[in-house]
1. For residues that are crowded, with 17+ Cβ neighbours inside 10 Å and farther than 22 Å from Arg38 by Cα, scanning just the range 79-106, find the one that is farthest from the chain's Cα centre (by Cα).
2. Please tell me if Thr56 is over 20 Å from Pro106 (Cβ atoms), out of contact with any helix residue (DSSP H, G or I) (no Cβ under 8 Å at 6 or more places or on another chain) and outside any loop (DSSP other than H, G, I, E, B).
3. Name the residue that is nearest to the chain's Cα centre (by Cα), counting only residues in the range 48-78 that are among the basic types (Lys, Arg) and within 24 Å of Glu34 (Cα to Cα).
4. Looking at the range 63-78 only, could you name the residues that are crowded, with 17+ Cβ neighbours inside 10 Å, in contact (Cβ under 8 Å) with a residue 40 or more places away in the chain and in a strand (DSSP E or B)?
Amino acid sequence: MPEPVRLVDLAKTLRSKNAGVDLVTFDIFFPDPETFHRVVDSRALTKESVAQLFRTEPGRVVTFLELEPLRAIKFTIRRDRPSGSPGDSDVFGAQQYAPLLSVTIP
C-alpha cells in the first residue's frame, strides 16, 4: 500500500480562477493516468468533501467532474458574494485553492 501523500505533491497543476462574477472554478491536473486514478479511487475529493473543505453547503458546489481523458478533477463553487463587490477578498479567484493544500491522499 502506498504511503499517504499530499495532493499538492501529486498534482501537476492546482489552481483556482473566476468563472464569471458569481463562481470560482478549480482545476487539478495530474501528470499521468496512475496518479489521476489514485486520487479518484481514494475518494478524498468528492462533491461533499469539497463542500466540507471549503466550509460551504454541498449545493454551492455547482459542478464536480472527474475527467479521465484530461487526467483532471474540476469543480466549481458559487461565491459568497460577487467578484469585486464590497468585502470580496480575491477579485480574480486566484487564491481560493489554498484549502486543497491540506488534502492528503491515502
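1. Residues of the range 79-106 that are crowded, with 17+ Cβ neighbours inside 10 Å, as a first pass: 79, 83, 93, 96-97, 100, 103, 105.
If we keep only those that are farther than 22 Å from Arg38 by Cα as well, we get 79, 83, 93, 96.
On the way: Arg79: 14, Ser83: 18, Gly93: 12, Gln96: 9 Å.
The qualifying residue farthest from the chain's Cα centre (by Cα) is Ser83.
2. Working: over 20 Å from Pro106 (Cβ atoms): yes; out of contact with any helix residue (DSSP H, G or I) (no Cβ under 8 Å at 6 or more places or on another chain): yes; outside any loop (DSSP other than H, G, I, E, B): no.
Criteria not met by Thr56.
3. This residue is Lys74.
4. Residues satisfying the conditions are Ala72, Ile73, Phe75, Thr76, Ile77.
Read the figures in this text as sums done on the coordinates, not as results from a lab. In this text, all values refer to a predicted model and were calculated from it rather than measured experimentally. Positions of Cβ are generated from backbone atoms using ideal geometry, with glycine treated the same way; all protein chains shown enter the neighbour counts.
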